[in-house]
Amino acid sequence: MRVRRLEINGFKSFADKTVVDFPLGMCAVVGPNGCGKSNVVDSIRWVLGEQSPKQLRGHSREDVIFNGSTGRRPLGVAEVSLVFENTGDITHQSFADLAEIMVTRRLYRSGESEYLINKIPCRLKDIQQLLMDTGLGNRSYAIIEQGRVAAFIEAKPEERRLWVEEAAGITRYKNQKKLSLRKMQSAQDNLNRLMDIMVEVETQMKRLDRQAKKAQKYNELRKEIRGLDLNIASSEYLRLQDELSQSNAERDALGAGLLLANQRVTAQETDLETLKVRLVAAEQDISEAGQKRLRAEGDIQKAENELTLLSREMENQRRMRMRYSEESEELKLRLRTQEKDLAKARRIGEEAEERLSRAREKASQAATEASEFKEKLKVMENRVDLCKQALVDHLSQTTQAKNRLLDLERNQSDLLRRKESLQTRKDELAAEVKDLRSRFEETRQERDGLAVEMEGLDSQAAGLEEERLLWQGRVKQAGNQEQQATRAMHEHKAAVDALTLAMQSRDWVQNGVRRVLEEASKQKTPVEILGITADHLQVEPGRESLVETALGDDLQAILVKSGQDLKNLSAWAEESKLGRLRILALDDLGQTRVGPPSGMEPITAYVRPNQGFEPLANLFQDAACCANLDQAWDTAAALAPGQFLVTDQGHRLDRPGAALLGVGQREDGVLARQNQLAERKGKLEKARADLERASQERSEAEERLGLQEEEFSRIRSQKQETERSLARLEQDLFRVKETGSLKKRELEGVEYHAEELNADYERVAEEYSTIQEKLADHQGRHSELEEDLARAREDLEYGKEELEQTRAEENQARLEEAAVASETEYAQSEAARLEQDTQKARARSESLELEVDKADQAIVRFSERKEAEQLRLGGLYQDLDEQKEAHQKAKELHSQAQMQLSDLEQDLKQARQEQRRAESACQELDLKYKELLLSRENLCEKIMERCRVDLSTNHQNHLPEKPFDPETARMRLAKLRQQLSNLGAVNLEAISEHQALSERYNFLTSQKEDLEESLADLRQAIRKINKTSRQRFNATLEQVNQRLAEIYPVLFSGGQAQLITDPDADPLEAGLHLLVELPGKKVKNLEALSGGEKALSAVAVLFALFLIRPAPFCILDEVDAPLDEANVNRFHDLVQKLSHRSQIIMITHSRRTMEIMDQLYGVTMEEKGVSKILSVNLAQGESMAA
């Protein structure tokens, strides 16, 4: 592989498109400092993928774009193309068969960049892969830049090994290793994530297994509930059908009677409407007659007003005519004065224009003469420059033309061969594009069919989504009601528990009583304890304080069965030292003989003992209640022994003059707590009933929602499957389309390349003939050019003198022209103003004459209209009398029609009463019929909601086959629903989710095995890459040292050099150290070497690498600059030896280096800031000279 051609356009100083054709041997790029020689090397590095602006001697990426010069604007794009001739070094399968490969890079000032291979867009990575292991690259040893020849010596050990790796050909292996390491890291990360996912999936599978079993039980219960529900509903539907049939027959009979009544009413209403029509017609006649009368009176009034208006208008027209006539006379006098002034101004303007024309003609003539002399002078200057340039370029052009002829002959043969190759590729691409088009059309039709199916699924999903949202709302509403009932139940239960706990704690009784009750609960008392008094009383709510006051200490008295029990308990209490106790024996509680005070309300009205504890009533038989203390005090005087009074405020009076105040004033007394406990228990039972009802409603709503969810899930799954299919087809379609586009672009590129080849062939042929003609014209031109230069210089001096004289005459003529132009402009503006005023006056005069004529015509017209209005007014008075007579006649006819209408309305009223009685009977029957229909519809709707069955068409299919008891079936249904409710929340998707999760777990397991296998393969591949890279690196390093042993003594006339690695490091990562021994010197480190010694040492390593693995070409930028004359000769010998293996391109200022080159390329800057290249074939020149 070698470099055939370099095309530069807009890169740094190369503003114009520049094409450099490189020969097979050695060539040099020469030129003065700053002309752009190194830009040629930068362009090659840039097109090979260099990304660092610093390496290209810039600060930003845009610095490589031509930034303008004193005579040129900046460009917007830089483009470099490098053409390689493929001699078999390219191993990339896409380009191995091509004879030439063009690599192109573009950069726009906006920051966008493009890479192309054979004018087909590609990536930088594609270019790097194309050139990998060919010895080329933006950082390879094939390109040595200016001032960096000794960089190898000064580099770090790790950086030196890059040259050896490139020569060893292990760059590809290193890239493969990096890619494998990235893949291995990615696979390891994926494996870690996969393990985390598998742990999570196992946890989910255990949970879903329990949910799936629960969902299966739920489905079985729901299926049985549905069957019972349908049996009950079908029986009910048949019963409603029978009642509807009977009701429908009764409706038909009543409907016939109603029809007869309606017919009678309709006939009478028709007669009534006919009479009303006549009455309305009479009213319309009256109204029309009245309106005609009013119109006649209005017309008379308008006619009188019109006569008055016409008189006023005639007077106004006469006054306006007089005013217009006076103004017209004044305008005529002013117009005659302005015409005289206008004629004078025009005469002055014409004279000024004649003078201005003469002045302009004189100035124009002077300017023309000056311009002619200036053009002549410019032509003379150009002629002098051309003559100079022609003399300078004569020899160079002649040599360049001959070299170009040889290159053009080679290009013609190459172009013919490339045209044949492109035609073959064009035919192949055309066939591939045709096949891709047919595949694209088939895939597109399949995708359109799936899109139509997708639209249908979307509409179904939208309908199901609306129903699902409706039932979700109902479930939510039922759930809210259930939550409210649950909260109420918990609230009441908490209150019941608190009150029960308070009652059981007995914190309101004496300590001794509490101890007796505790011992009794443990069955440690000598007798049976029946509780205390408060436990066995039922008190009316609100009267608890009254009863507690009446009972006093008896409220917490201990109850026993008999007097003997009382004695035994008393003895036991004394032994246990329980203190003071009050004990009541129920069998011995005798009834008092006194009773409550007469005339007072007894306490027994508000309290009664529980069953079995009736003797407790004797405790308050003698008590009565009073409204307040005053009433009790007054009544206490008549109290008998044993009687006592209590008040609502908690006061007690048991004898005259004695009172116990505030005895029972407690809001949380024991009796009040008992009543609160009973009330709370009732509310608790009600809350439980509400909760059960809400739970049932929620279960029914959830069942309906479950059906909707199943249907929606099915549609969603079908939709997802269709979407996946559609996505797959879209991907296929996109892939086919992209492939077709790539093939089409490649075909277009091939066609474009073929057209360019044809154009290049024609250009080459044309250029060949043109160059031959130029060579014929170049003979004997030198002396002619010198004579032309002398004559041109004499003519130039004479032209400058005549130009100065002509410019002075032109300035004088311009001054005269400006003065006359000012006078002419003033005269013209004055004439224009007078002309405008005259036109306005004439127009106004003509307008006034027209206004006078219009006024005369208006006066005549108004006079005629006045006479006509007077005649019309007489006829209007006669019409008014006729309209008054017609109006009176219409009123008489209207009165007769009203009398007939009154009689018909009385008859119609009686007929309508009969009609309403018949309608009422029909409405009652219709109401019953509608109620039956509504019941049937409600039944059908409920069954449709719960079971998705239409009873109107399918009730026969769901009737029970065996003898059927609806009540028993309803009880069974309620029980099943309760079982369903007891299941709680059920995940109906758990079964399918568990199955899907199991499949996913199996898939993840297989993925895990694949990842582990992939990691093992990657580790094996990395080990193999390391082994191969280590072997090749060591072998290459040994070869380099062998070559260094040969080359180094040649360059330094003795001495030796060797590359070694760090002894303790891995050869794949170890740095390289250069050990040198110079003749007669002891070198401790490389920094002690001089600049020339460093350069020669680096060149020795470079040439050793090239002898082992030659790159297609070698670019050396001023490498010979630091070398002395003796070292330059040795350097030249090595370069010539290297040129047999690689293409040599050098940038140099050394004449001796130029002498050994086969071809020279001269870089010049004829235009400041813009580089151009000229080529000279030295080998051909020597043969021609010989």
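The values are calculated or read from the model by the stated rules, or taken from the named source; none is laboratory data. Just so it is clear, the model here is predicted, and its values are computed rather than measured. A quick note on method: Cβ atoms are made from the backbone with ideal geometry, for glycine too, and the neighbour counts reach across all protein chains shown.
Does any residue in the stretch 147-170 that is not assigned by TED's automatic domain parsing to the domain that holds residue 1069 come within less than 6 Å, Cβ to Cβ, of a residue that is at pLDDT below 70 and of a type in the set (D, E, K, R) six or more places away or on a different chain, and which pairs are these? Going by the 6 Å Cβ cut-off, the qualifying pairs are 169/133.
Please give the strands (runs of 3 or more DSSP E) falling wholly within the stretch 536-650 in which 2 or more residues are over 29 Å from residue 519 (Cα atoms).
On the way: elements: 537-539, 558-560, 583-585, 607-609, 623-626, 644-647.
In the stretch 536-650, 623-626, 644-647 are the strands (runs of 3 or more DSSP E) which contain 2 or more residues that are over 29 Å from residue 519 (Cα atoms).
Listed by first and then second residue, the pairs linking a residue in the stretch 999-1021 that is within 29 Å of residue 208 (Cα to Cα) to a residue that is of a type outside the set (A, V, I, L, M, F, W, C), with Cβ atoms under 9 Å apart and 6 or more places separating them unless they lie on different chains, are 1001/202; 1007/190; 1011/188; 1011/190. A count restricted to the stretch 174-193 and to residues that are surrounded by 14 or more Cβ atoms within 10 Å (Cβ to Cβ) and either of a type in the set (A, V, I, L, M) or without any contact (Cβ under 8 Å) to a residue 12 or more places away in the chain (or both) stands at 3. With respect to (1) under 26 Å from residue 541 (Cα atoms); (2) at pLDDT 80 or above; (3) surrounded by fewer than 16 Cβ atoms within 10 Å (Cβ to Cβ), the lone exception for residue 598 is condition (2).
Among residues of the stretch 79-91 that are farther than 18 Å from residue 47 by Cα and modelled with pLDDT under 90, those with a Cβ under 9 angstrom from a residue that is of a type in the set (S, T, N, Q) and buried (at least 17 other Cβ atoms within 10 Å of the Cβ), sequence gap 6+ or separate chain, pair up as 89/134; 91/134.
This table checks each residue for (1) in contact with a Ser or Thr (Cβ under 7 Å, 6 or more places away or on another chain); (2) basic (Lys, Arg); (3) in contact (Cβ under 8 Å) with a residue 12 or more places away in the chain.
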position: 195; (1), (2), (3): no, no, yes
position: 199; (1), (2), (3): no, no, no
position: 203; (1), (2), (3): no, no, no
position: 210; (1), (2), (3): no, yes, no
position: 218; (1), (2), (3): no, no, yes
position: 229; (1), (2), (3): no, no, yes
position: 233; (1), (2), (3): no, no, yes
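Checking the conditions here, which among 1009, 937, 993, 999 is closer than 30 Å to residue 207 by Cα and surrounded by 12 or more Cβ atoms within 10 Å (Cβ to Cβ)?
Numbers: 1009 fails: surrounded by 12 or more Cβ atoms within 10 Å (Cβ to Cβ); 937 fails: closer than 30 Å to residue 207 by Cα; 999 fails: surrounded by 12 or more Cβ atoms within 10 Å (Cβ to Cβ).
None of the other options fit; the residue is 993.
Pick from 17, 37, 12, 54: which is of a type in the set (Lys, Arg) and over 24 Å from residue 113 (Cα atoms)? First the steps, then the outcome.
Numbers: 17 fails: over 24 Å from residue 113 (Cα atoms); 12 fails: over 24 Å from residue 113 (Cα atoms); 54 fails: over 24 Å from residue 113 (Cα atoms).
Among 17, 37, 12, 54, only 37 is of a type in the set (Lys, Arg) and over 24 Å from residue 113 (Cα atoms).
Among the helices (runs of 4 or more DSSP H) lying completely within the stretch 1071-1186, list those that include at least 2 residues that are at pLDDT below 80 and not assigned by TED's automatic domain parsing to the domain that holds residue 31. Outline the logic, then answer.
Details: elements: 1091-1108, 1125-1138, 1151-1155, 1178-1185.
Result: 1091-1108.
When you check residue 639 against the structure, is it over 24 Å from residue 540 (Cα atoms) and touching a Gly at 6+ places or on another chain (Cβ under 8 Å), yes or no? For residue 639, the condition - over 24 Å from residue 540 (Cα atoms) and touching a Gly at 6+ places or on another chain (Cβ under 8 Å) - is not met.
Going by what's in this entry, would residue 520 be described as buried (at least 17 other Cβ atoms within 10 Å of the Cβ), modelled with pLDDT of 75 or more, among the small types (Gly, Ala, Ser) and assigned by TED's automatic domain parsing to the domain that holds residue 573? Walk me through it before giving the result.
On the way: buried (at least 17 other Cβ atoms within 10 Å of the Cβ): yes; modelled with pLDDT of 75 or more: yes; among the small types (Gly, Ala, Ser): yes; assigned by TED's automatic domain parsing to the domain that holds residue 573: yes.
Considered against the rule, which asks whether it is buried (at least 17 other Cβ atoms within 10 Å of the Cβ), modelled with pLDDT of 75 or more, among the small types (Gly, Ala, Ser) and assigned by TED's automatic domain parsing to the domain that holds residue 573, residue 520 comes out as yes.
Working only within the stretch 340-355, note down all residues that are within 30 Å of residue 852 (Cα to Cα) and out of contact with any helix residue (DSSP H, G or I) (no Cβ under 6 Å at 6 or more places or on another chain). Selection gives 340 alone.
Quick check on my filter: what residues within the stretch 412-431 are of a type in the set (Asp, Glu) and surrounded by 15 or more Cβ atoms within 10 Å (Cβ to Cβ)? Break it down stepwise before answering.
Filtering the stretch 412-431 down to residues of a type in the set (Asp, Glu) leaves 414, 420, 427-428.
The answer is 414, and nothing else.
The listed residues are 472, 481, and the only one of them that is at pLDDT 75 or above, farther than 29 Å from residue 728 by Cβ and under 48 Å from the mean Cα position of the chain (by Cα) turns out to be 481. Check whether at least one residue in the stretch 842-852 is under 21 Å from residue 341 (Cβ atoms), surrounded by 15 or more Cβ atoms within 10 Å (Cβ to Cβ), at pLDDT below 70 and not β-branched (Val, Ile, Thr), and report yes or no. No: zero hits.
Identify all residues within the stretch 601-636 that are in contact with a Gly (Cβ under 7 Å, 6 or more places away or on another chain) and crowded, with 18+ Cβ neighbours inside 10 Å; write none if there are none.
Hit for the stretch 601-636 is 622, nothing else.
Taking the conditions (1) in a helix (DSSP H, G or I); (2) free of Cβ contacts under 8 Å to residues at least 12 places away in the same chain in turn, residue 985 satisfies each one other than (1).
Within the stretch 699-713, count every residue that is more than 15 Å from residue 979 (Cβ to Cβ) and charged (D, E, K, R).
Let us first name the residues in the stretch 699-713 that are more than 15 Å from residue 979 (Cβ to Cβ), namely 701, 704-713.
Still in the running and charged (D, E, K, R): 704, 709-711.
Residues in the stretch 699-713 being more than 15 Å from residue 979 (Cβ to Cβ) and charged (D, E, K, R): 4 in total.
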